Structure formats: structure tokens, C-alpha cells
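> Structure provided below as C-alpha cells; questions to follow.
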Amino acid sequence: MLDLRRRTIVNEKDFDKVRIAPATQADRPSIYRMRHDVYAAELGQHAAQPNAMLSDALDESNTYITARIRGELAGFISITPPGIGRYSVEKYLRRGELPIRLDERTYEIRILTVSRAHRHSRVAWYLMYAAFRWVEDHGGEQIIAMGRADILEMYRSFGAKPLGRRIVSGAVTFELMRTSVSHLRRYSIRHQSTIESLSKHVDWAMDFPFLKTPCCFHGGSFFEAIGCRFETLNRREVIVNADVLDAWYPPSPRVLATMQEHLPWLIRTSPPTHCEGLRDAIAVHRGVRQENILPGAGSSDLIYRALRHWLHRDSRVLILDPTYGEYPHVLEKVIGCGVERLTLSRHDGYKVHLDELAWRIEQGYDLVILVNPNNPTGRHIRRAELENLLSAVGPETKVWIDEAYIDYVGSTESLEHFAVESENVIICKSMSKVYALSGMRVAYLCASPHQLSDLISLTPPWVVGLPAQVAAVCALEDTAYYEEQYKRTHLFRAEMREAMLAMGIDEIVPGEANFLMFHLDECQPHAEEVIERTREAGVFMRDLASMGSNMDSRALRIAIKDPSGNERILRALQECLLPIEVQR
């Protein structure tokens, strides 16, 4: 990837904002003159024209985007939409010769051009980014381009890959390249802070925002391979979705039997209004009272519901870093409150040091959020140690503990009993990961009744669907089945760790959940390259760049799968590392 932060400003004009705007008809003559200056006079791709202007038959149907500095044209880029039936590349290659399929969501980016005075500035990046955002805003997905051989790095910086077709036009050589809007989204998330910084130096006059409405990036890219409209669900058999932390095992046989027997009725029937039966089942199995339980449609529902109610822009919150990305997203992007981070050190495996945590809490916060075991590290703080620390926290500070993965460590490690007796501790517990119910979206809060009372009034009726309520109750009744799966998960995780160490992955975080976080070393590929290469093998992993403020570019996380899935993960990793090993 192109490191935009290291681009040097070599022209004082770069201190002026670049105005990025759709071209008007009045802009066309100056565009065509600059096009002639570059592609006819300078590069010799086309013959010089008597009027010193250069255009072609596609121009009337193309959208141009311009960059201006101090009112002068600094550059432009053109976009060919799919509706006109022809792309510029087809001047050189027949459609049947192309190594890709062109469909109704294919757009072509062409003629990226920057004047001589601004070629060492960020003008080209702004134009390319604007073109990609334009395609995204218009519903495109596949993007093709003829990248000039001398500026291929610019195209590669946005994830474009050569397709093995070299095109010579006059004195200029091009590479046929392809990327996608999906890749752009991942690029934007990975480089979010840099892009936000660059947005301050542009006068953005496009009819869509510079930054897409922010959302928290999660795993789940594997749905791009399966089909986001679920048209090819059978492809799940050839995909290893190790980028999300879903259980590798099926739900309890009791769950499956009940679903199979009653599914038509469950689908068409309204559920109990306030999840009364589900609340009772959770309370019984957790050894608490029903009034200590507040159900939700997954933990994200509860996070948004509770945090937006309790906090405001003047609130102060302490979180771990790295941690589950939904928390900093909701706190900073949705609520806009003050967030401070307890930075965990890579050098000791991201362990949470309780003395430091206690000292930080004493500084005074409205809310402290702990994910335990933490995600993405998998590190766990023992119940006895955490209870001792929390007993000293004043009631003015709420403490939210996310226990999505606690059952992998052991159900006795949960702080639910401690929470119901406290004035300020709230447990958020998803039933997705440990009960293999991710598709059902069931979670709950466990706390003293006075902490849940305000949230009850904000909870809509029928918040959890009937199939999900019934599945959750059945799962709670089959403890023995799940305990066996947790044991097997520990075994598989240990086997994966040993196999990864054997292939030269030396830095693996000692987690205790259903996943492994690891860092590749400096002579091994970057995470982004690993993600792209393993994706080609149908194996999806998680790049952790967006999950911590100090995360390096070689941090990855994989979910533990069944033996065949784990073998495919290892094989895909080995294929990424093998060239490096051979070079050694």
C-alpha cells in the first residue's frame, strides 16, 4: 500500500486546498487541452491535433472529475459507466479476450491525468479516491482500469491488480488492472485515520461525502464469496470463514431437533412480547433472578441501547486497546464522548496489568469497558482478581464487562453473580459464539435491577424473534454438549498453535477463547497481502489493523475451526509464507 503519511510536499501550492468537483461542460475544453498536452505532446500516445485538444467517442457518456488549485486545473479523471455498452479497454481487446467478466456493476476508471506542476503532490490520490467513491456511491462493485506502466504504484495503492494483459498505445504501455468497491471499503477502514487527515486538505465539492457514513468494520467478508443475496449458499461448503468468531460446531442436537420439528410454526408466530420464557431460562441456568436479566437481539443491540442512553458528549470512558471495535466506534463515532485507552503491550502478549488498570480507573470515569476474554487477543483476567479490583471501584463509575467468550474459559469464571450484588457492574453476554447461535442474534445483560430499569423502557416489544428465543432456551438445557465442544476447541487451538510455530509464525498471543491472534515478523508478508492471497484459496482471515491504535501491519486473527477447516487455514498460511522461507 502507498504510505500517504510519508508523501513529501515539494511545492508550496500543496499548502492550498485541492478542490475536487464534478466537471461541468465549461470544464471540458480545458480538460481536452491538458489531455492533448500530456498524451499527445508529452507522452506521444496520440498524434498532435491542430486544435491542441484531445477527446474520444466515450467522452460524452463519461463522467469527469476535476482537481483545481487556486482555480487552475491541476488534473482530472474519467469514469465510464456500464450502461453505455462499451469500455475504453475494448479499443484494444475484444470483450471475449478479457480475463474477467464485465457485468452491470462494472465501471472503468480512465485517463488519470495530473499537470506537471502537481505530480509530486497528492492530487492524483484525491482524484483516484474521488473516482472510487463515485463508483461506490453509484452502486458499482468491479472497477477496471488501464494503468500507465509508469504510475502503476498509484493503482496498486488502491488494491488494483494486473490481469496479465499489457496494452501498447503509441509510445505508452498500459497494464489492464482490476479492483473492487469491497476492497476500497477495506482500504478506507485500514487507512481511516490517514484518510480523515487528508480530508482536511481538500475542498470536496462532490455530491456525496468524502468519507462514507462511518460504521464499525467486522469480519464477514466471506459473504462476498458466498453471495450477499444468499443466491449460492451451497458455496459455504468451500469457504473457511475464519475472519469471524462463530462456533465451529453446530448448535446442540436439542436445538436442531426442536427447530426441525417446529420451524414452520416458529417462523410464522409472534414471540412472547418481553422474552419472559427466555429471561426465566437464563435466570435459572445462571443462578440469578429474572429481574437481573435484560435480553437483546445480539450484544450489538444492547451496546447501542445502553451506551447511548447512559452517555453523552461530555462523558469519559476508559477502554482497553486493542479491543472489540464496536466499543470505540459507538463511543467516538456515534455518541462522541471522550474515550481514553489503556494501551496493552505487545511485548508481554497484551496482558492486562491490574495495578495499572486500577490506577487508571481511579482517575475518574463515567464508564469502564472490559472485554474478558479480550478480543482480538483472547487474554483473560481471572474472576477472583477482577472481583477484587472491582470491589474498590466507586458507584459513580459503571463497569461494563463483555463476556462473549467466557464459557470457553469456564462458566465459573463469569462475574454474573458478582454483578447482581453490585451497584455498578453490568455483564453483557452474547449467546452467539459459545452456543453456536450467531445467526439467531441472542444476548442479554445481567446486573442489579436498578441498573436495568431505565433500559427496560427503551426495549421494543418482541426484541428477540421466536426461533431465536426457543433455540436459546434449548441450548441452555444442554450444558454437557457444549462443555464437550469447549474442550475440543481448546485441543484444536493448541494443535493450531503448534502447527503455526512449526511453520515459522513465532509470535502467537496466548489466548483462551476460540481464536488465535498472531504477528508475522518483518521478513514475512504484511497482513493485507496474506488476507488477499488466502482469500483466493477460499480462506478468510481478519486483518487487525483497525482493532487497535498501535496495531502493526502484520497482525492477524483466525477463528478456530473443525479439523478440516483448520487444515485449510494452515495450508493457506503456509502457501503465503513458503516463498519467504525459500528466499531465506
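FYI, it's all coordinate maths here, none of it is from the lab. For clarity, every value in this text was computed on a predicted model and none was experimentally measured. Cβ atoms come from the backbone with ideal geometry, glycine included; neighbour counts cover every protein chain shown.
> Quick one: what Rg and Dmax do you get for the chain from the alpha carbons, in Å?
When restricted to the Cα atoms of the chain, Rg and Dmax are 27.2, 88 Å.
> Could you name the aspartates and glutamates in cross-link range of K333, using Cα to Cα under 12 Å and dropping any fewer than eight places away on the same chain?
none
> Taking every pair of distinct Cα atoms and averaging 1/r, then inverting, what Kirkwood hydrodynamic radius in Å comes out for the range 45-200?
Hydrodynamic radius (Kirkwood, Cα only) of the range 45-200 equals 16.4 Å.
> List the extent of the Cα atoms of the range 228-374 along each of their three principal axes, largest first, rounded to whole Å.
Its Cα atoms span 55, 42, 30 Å along the three principal axes.
> Turning to a different aspect of this structure: Name the residue from G96, A124, G44 whose Cα lies farthest towards the positive end of the charge dipole of the range 4-204, charges +1 on Cβ of Lys and Arg and -1 on Cβ of Asp and Glu.
A124
> In what sequence, highest mean first, do 164-177, 425-438 appear when ranked by Cβ atoms within 10 angstrom?
425-438, 164-177
> Another question, if that's okay. For V172 and R185, calculate 0.36 nm times their separation in residues minus their Cα-Cα distance, and state this gained length in nm to one decimal.
On the way: separation 13, 0.36 × 13 = 4.68 nm, distance 3.11 nm.
Roughly 1.6 nm would be gained on extension.
> Taking neighbour Cβ counts within 10 Å as the exposure measure, how do D552, D521, D366 sort from fewest upward?
Going from least to most buried by this count: D521, D552, D366.
> What does the helix-only formula give at 222 nm for the chain: each DSSP H stretch with n ≥ 4 adding -39500 (n - 2.57), the total divided by the residues, and the result rounded to the nearest 500 deg cm²/dmol?
Mean residue ellipticity, 222 nm, calculated: -10000 deg cm²/dmol.
> Using the Karplus curve 6.51 cos²θ - 1.76 cosθ + 1.60 with θ = phi - 60°, what ³J(HN,Hα) values do you get for each residue of the range 506-516, in whole Hz, with x for Gly and Pro?
Using θ = phi - 60°, the values come out as 8, 10, 10, 6, x, x, 10, 10, 9, 7, 10 Hz.
> For the chain, what is the relative contact order in percent, using Cα pairs closer than 8 Å and at least 6 residues apart in sequence?
Details: 1000 pairs, mean separation 76.5, N = 584.
About 13 percent, as a whole number.
> What size of dipole, in debye to the nearest 20, comes out for the range 253-477 about its Cα centre when the only charges are +1 on Lys and Arg C-beta atoms and -1 on Asp and Glu C-beta atoms?
On the way: 21 positive and 27 negative charges, 126 e Å.
Rounded to the nearest 20 debye, it is 600 debye.
> Give me the extension gain from A392 to R116: residue separation times 0.36 nm, minus the current Cα-Cα distance, reported in nm with one decimal.
Length difference between fully extended and current span is 92.9 nm.
> Ranked highest first by the average count of other Cβ atoms within 10 Å around their residues, in what order do 265-273, 570-578, 357-365 fall?
Details: 265-273: 12.3, 570-578: 18.2, 357-365: 14.7.
Packing proxy ranking, top to bottom: 570-578, 357-365, 265-273.
> Here's something else I'd like to know. So what are the ³J(HN,Hα) numbers for the range 356-369, from phi and the Karplus equation (6.51, -1.76, 1.60; θ = phi - 60°), rounded to whole Hz, Gly and Pro as x?
5, 4, 4, 5, 5, 4, 5, 6, x, 9, 6, 8, 10, 10
> Please report the antiparallel percentage of the DSSP beta bridges confined to the chain, to the nearest 5.
Among the beta bridges of the chain, antiparallel pairing accounts for roughly 65 percent.
> Please name which of V135, V442, T323 has its Cα lying farthest along the dipole of the chain towards the positive end, using unit charges on Cβ (Lys, Arg +1; Asp, Glu -1) and the Cα centre as origin.
The residue sitting farthest along the positive end of the dipole is V135.
> Could you order peptides 474-487, 124-137 by the average number of other Cβ atoms within 10 Å of their residues, highest first? Don't skip to the answer; put the middle values down first.
Values: 474-487: 16.1, 124-137: 22.5.
Top to bottom by mean Cβ count within 10 Å: 124-137, 474-487.
> Same structure, new question: Which lysines does K91 reach when only Cα atoms under 26 Å apart count, and residues fewer than 8 places away in its own chain are ignored?
Reachable lysines: K161.
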